[in-house]
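Scroll down for the structure; my scribbles are underneath it.
The values are calculated or read from the model by the stated rules, or taken from the named source; none is laboratory data. What you see is a predicted model; the values in this text were computed from it and never measured. Neighbour counts run over all protein chains shown; Cβ positions are idealised from the backbone, glycine included. Areas reflect the complete protein model, heavy atoms only, side chains present, ligands, DNA and RNA absent. Shrake-Rupley method; radii C 1.70, N 1.55, O 1.52, S 1.80 Å.
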Amino acid sequence: MIRVAVQAEPIDVAAELALAEADGAGAIATFTGLVRADGGTELLELEHYPGVTERALHDLCAAATERWALLSATVVHRVGPMRPGERIVLVATAAPHRAAALDACAYLIDRLKTDAPFWKRETRGQERRWVEARTGDDAAAARWDTLPSSQDG
């Protein structure tokens, strides 16, 4: 099962984990990203390209599901204004064994940072600025091009 949501509403982690549980799963790995207050960030605004963003996230989940034989893959991403400490993204992967669930979860968070069309704008005091992509994000995503998949735990 693949579940993708792009929403303005807060992420209900417990509800999403209940949906991610799958028959035959021996492990569920999760990543929850929070808005950071780096450099005095007071507000983070996320914009996306409706339809295109969801399709990109679904395609990433489909690739992870195929590569690691997942039983479920979930990505829930917030858009709109958020304050430091709020949940911005949840990734959950279910697999028969922990290694596949953990690797697939890491793959999804690394790849969505570079492959999903989101635009971030930070507010720090009176300054508002668009956030540029980080070179470290590209390197994290690229490592999956050479790493083998783990199917057993």
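Applying the condition of being touching a residue at least 60 places away in the same chain (Cβ under 8 Å) and closer than 21 Å to Gly85 by Cα to the stretch 10-28 and asking which residue is most open to solvent (accessible area, probe 1.4 Å) yields Pro10. Each residue in the stretch 33-62 was checked for being surrounded by 15 or more Cβ atoms within 10 Å (Cβ to Cβ), in contact with a Gly (Cβ under 9 Å, 6 or more places away or on another chain) and in a loop (DSSP other than H, G, I, E, B), and 1 pass.
Strands (runs of 3 or more DSSP E) fully within the stretch 84-153 that include at least 2 residues being open to solvent by 60 Å² or more (accessible area, probe 1.4 Å) and free of Cβ contacts under 8 Å to residues at least 60 places away in the same chain: 127-130.
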